[in-house]
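Laboratory data are not the source of any read-out in this text; all were calculated from the coordinates shown. Keep in mind that what you see is a predicted model, and the values were worked out from it rather than measured. Neighbour counts are summed over all protein chains in view; Cβ atoms, including those assigned to glycine, are modelled from backbone coordinates with ideal geometry.
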Amino acid sequence: MSPSQSFFSVSEFAWRRILRVPRINTRTLGSRSRLCPPQRISRVARDSRLPVTFHHSSANCGYLWYKRLTPVLVLEVDRFCCASMGNVFGMDDITITRQQLLLQDSTTSSLLISKLKEDESFVSFSKKSGDNILARDNEDAEKLARGIELSISKGVLEKITPTPYTKVDVFGKTADEVAAEIIAHLGADYKGGVLVLVGLSGTGKGTTVDILKKKLSNTTSWSNGNVFRSLTLLAATYCTQQGMPFSKDVLTAENLASWMTMLHFGKFNGKFDIHINGLGLDMYVDDVKNTVLKGPLVGKNIPTVAEVTQGEVVKFASDACKMMGEAGMTVLLEGREQTVNYIDSPFRFELVMSDAQLIGMRRAAQVIGARAIELLGKAEDDESVNSAIKLALAQLALE
């Protein structure tokens, strides 16, 4: 089978794309080249199964030669390219199976981190991922804080001293262990309530919530998204009835207060739901959450509404979660501190990472795993899986 016919016998085109070097003619590179040593080239050829041999005329010159009859294709591989790739082909001998890769859960991430943690490209990519997470989280926190301050100035919310959170260090723990630690904190007398979970992106809040759902009885999760969407539907309907285009100008304190009275939370048809009843609308959120509330009338206007209604939605959510908790349910609520600080509950947990570097590693592992699955296709053998992981890291490190 020729290189062009087999993905894992990487084609010359694919390697030019990975290394970001042009196809060049055979020539002497001279003193301007900064090439990686023959040992590295040999390892690249061996581990990637490329049909190549290494040739060099001096300490500063090297080529990857493809064994083809005509024409002879040559790739220049300099030290910059290899540094960008990192020691991709010198990874630990940890083997990951197709089944483990396809799980795309905390187990997969832990395996990928163990396999790649000593690789320079992975360390660099992880740092970049971690920095992006922190920057995005800080930006979101600032926006939410402004929204809460606006709500306080309108008299919708009062300034409070937040109830302290129990910190749970997730470093070196599986999601099951983190969930078990949280359950232990609830105590033997726990009979339901609102369980609030906060933490930086990448600390595993979503995964932990999924496991808590399985381990605790009579659980449900709460999202403020449907409340924002319901409020946006009412605002957009009001504008339509008034014969005016949707505008931020209609989001006055009086209008918002009126529309919030049209949202009712309670037990309807045997289950907890939000009843939208006003401006000619009469519907239940559970019935329209994937239709009307996902339509263009709502979708294009929700950012504008959400910007000025943090307080109204948080207050509604607090009352709704309290009602479900008092009914003996466990309400799992994950979110940002700025908003969930206003959710009344003694069961508050913050997931922290004592080794902050691992946040970036987790996110990097998730991205690499997803890319590796794309590259893997239908191949099932372990060698193909681990080759896909190598190639995924090489590509992502250069993007």
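Applied to region 366-378, the Karplus parametrisation 6.51 cos²θ - 1.76 cosθ + 1.60 on θ = phi - 60° returns per-residue 3J(HN,Hα) values of 4, 5, 4, x, 5, 5, 4, 5, 4, 6, 5, x, 9 Hz, with x for Gly and Pro. Taking every alpha-carbon pair under 8 Å whose residues sit at least 6 apart, region 283-399 reaches a relative contact order of 15 percent.
Which of the pairs K117/K378; K191/K322; K191/K214; K128/K173 have their Cα atoms more than 18 Å apart in this structure? Numbers along the way, then the final one.
On the way: K117/K378 27 Å; K191/K322 13 Å; K191/K214 16 Å; K128/K173 23 Å.
Cα-Cα > 18 Å for K117/K378; K128/K173; rest within.
For region 190-349, the antiparallel share of DSSP beta bridges with both residues in that region comes to about 50%.
Per the Debye calculation on region 294-399 with a single equal scatterer at every Cα and no solvent contribution, log₁₀ I(q)/I(0) for q = 0.11, 0.16, 0.19 Å⁻¹ amounts to -0.70, -0.90, -0.95.
The HN-Hα couplings worked out from phi for region 222-227 by the Karplus form 6.51 cos²θ - 1.76 cosθ + 1.60 (θ = phi - 60°) are 10, 10, 6, x, 5, 6 Hz, whole numbers, x standing for Gly and Pro.
The Cα-based radius of gyration and maximum Cα-Cα distance (Dmax) for region 254-332 are 13.4, 37 Å. For region 137-195, pairs of C-alpha atoms spaced more than 20 angstrom apart make up 55 percent of the total.
Residue by residue, region 122-135 carries 3J(HN,Hα) couplings of 5, 4, 5, 5, 5, 4, 4, 5, x, 4, 5, 4, 4, 5 Hz when phi is fed to the Karplus relation 6.51 cos²θ - 1.76 cosθ + 1.60 (θ = phi - 60°); x denotes Gly or Pro. Summarising the amide proton neighbourhood of I274: residues at separation of 5 or more, or on other chains, whose placed amide H is nearer than 5 Å comprise V285, D286.
Per the Kirkwood definition applied to all pairs of different Cα atoms, how many angstroms is the hydrodynamic radius of region 217-361?
Details: mean 1/r = 0.0601 Å⁻¹.
Roughly 16.7 Å, rounded to one decimal.
Projected label points at A379 and S217, each 7 Å from Cα along the beta carbon direction, are separated by 4.9 nanometres.
Please give me, ordered by residue number, the GluC sites (Glu not before Pro) of region 122-167 that lie in loop per DSSP and have at most 16 other Cβ atoms within 10 Å. Don't skip to the answer; put the middle values down first.
Details: sites: E139, E142, E149, E158; in loops: E158.
Those satisfying the criteria are E158.
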